[in-house]
Amino acid sequence: MKNKMSLATRCIVSVLILNFLCFFIQMSFTLIAVGIGTTPLGHDVYVEENGEQVRQYTHYYADGEDKLLEQWEKEGKEYSVVEFRSDLSKSTSFFLRALTMVFSLSIFIAMIYSALWKQGDSDNNLTVYGGEKRDLFKGLKVGLIATVPFAALYLLLVINKFVTFFPGIYGVFKIANYYIFPLIDFAYGAADSVSQISIGGLLILLLTLVPVPLAAALGYYCGNKEISIKNKLIYVKEKK
């Protein structure tokens, strides 16, 4: 049991680390998408007044050159310029979210799978040479234990739909599962509060409890059975 708890803790830590990495992955993909999928429309000009940046005016590039800004430059006036761009199209935004989730999930599954594969391989050696009993469901058990904190957050979310006592539960739930945030946003939909989430949305959010036990169960089983997906893929590629 101690070994299972240790592995489950590692799974939880992996989720938290990936949530942190996912934020930067999302930011990187967003910056790339904005640079490729949007066009500059104009800029806002700010001047510092009493220690604060105050917007003086907005200039649109479609209106031609910014004559006032040219005059300010000649006068040596201090200012700052913030450019604004067009919005991402719905299709680009959807593709960006889907790409972010697939990329994050791939890293997540690889992290959990790898850790449990090694444990499964180690336990297989103990079974073959040490006479210990084989437990092919150990990975699933570890994954389910690791899911307990996230299941508790989900339960709080469900309770708050009917009895609101923790208005910030959605934010906490999203941060805890940030590696799959596009699915969470989709389930939340246009709701203004947790109480407005549809039953269908709550059912979709149940999917957030699947990746950890699935990756853990698959990784441990493959390691215990000495199955290397990586080697199989390389072998098939070389064979072709």
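The values are calculated or read from the model by the stated rules, or taken from the named source; none is laboratory data. This is a predicted model, so every value here is computed, not measured. Note: ideal-geometry Cβ built from the backbone for every residue, glycine included; neighbour counts use all protein chains shown.
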**Q.** Verdict on Gly42 being over 20 Å from Leu16 (Cα atoms) and in contact with a Phe, Trp or Tyr (Cβ under 8 Å, 6 or more places away or on another chain)
**A.** yes
Q. Being of a type outside the set (Phe, Trp, Tyr), over 20 Å from Ala115 (Cα atoms) and touching a Lys or Arg at 6+ places or on another chain (Cβ under 6 Å), is that true of even one residue in region 174-193?
A. yes
Q) Looking at region 53-109, which of the residues that are hydroxyl-bearing (Ser, Thr, Tyr) and in a loop (DSSP other than H, G, I, E, B) is farthest from Leu207 (Cα to Cα)? A) Tyr79
Q. Across region 37-95, what is the total count of residues that are closer than 30 Å to Ile184 by Cα, free of Cβ contacts under 8 Å to residues at least 40 places away in the same chain and loosely packed, with under 12 Cβ neighbours inside 10 Å?
A. 2
Q. Farther than 20 Å from Val142 by Cα, touching a strand residue (DSSP E or B) at 6+ places or on another chain (Cβ under 9 Å) and either surrounded by 15 or more Cβ atoms within 10 Å (Cβ to Cβ) or not assigned by TED's automatic domain parsing to the domain that holds Gln71 (or both) - does that describe any residue in region 24-31?
A. no
Q: Scan region 142-156 and report the pairs whose first residue is under 13 Å from Leu205 (Cα atoms) and whose second residue is among the small types (Gly, Ala, Ser) and assigned to a helix (DSSP H, G or I), with Cβ atoms within less than 7 Å and a gap of 6+ or a chain change.
A: Phe150/Ala176; Leu153/Ala176
Q) Can you tell me which residue in region 34-52 is farthest from the chain's Cα centre (by Cα), limited to those that are modelled with pLDDT under 90 and in a strand (DSSP E or B)? A) Glu49
(Q) Leu218 - would you say it is farther than 30 Å from Asn124 by Cα and either in contact with a Phe, Trp or Tyr (Cβ under 8 Å, 6 or more places away or on another chain) or surrounded by 17 or more Cβ atoms within 10 Å (Cβ to Cβ) (or both)? (A) no
Q: Find the helices (runs of 4 or more DSSP H) located wholly in region 161-240 whose residues include 3 or more that are of a type in the set (A, V, I, L, M, F, W, C) and modelled with pLDDT of 85 or more, and list them.
A: 169-176, 181-188, 199-205, 211-224
Q: Determine if region 14-35 includes at least one residue that is over 24 Å from Asp87 (Cβ atoms) and of a type in the set (Ser, Thr, Tyr).
A: yes
Q. Which members of region 116-146 meet the condition of being surrounded by fewer than 21 Cβ atoms within 10 Å (Cβ to Cβ), aliphatic (A, V, I, L, M) and in a helix (DSSP H, G or I)?
A. Leu126, Val128, Leu140, Leu144, Ile145
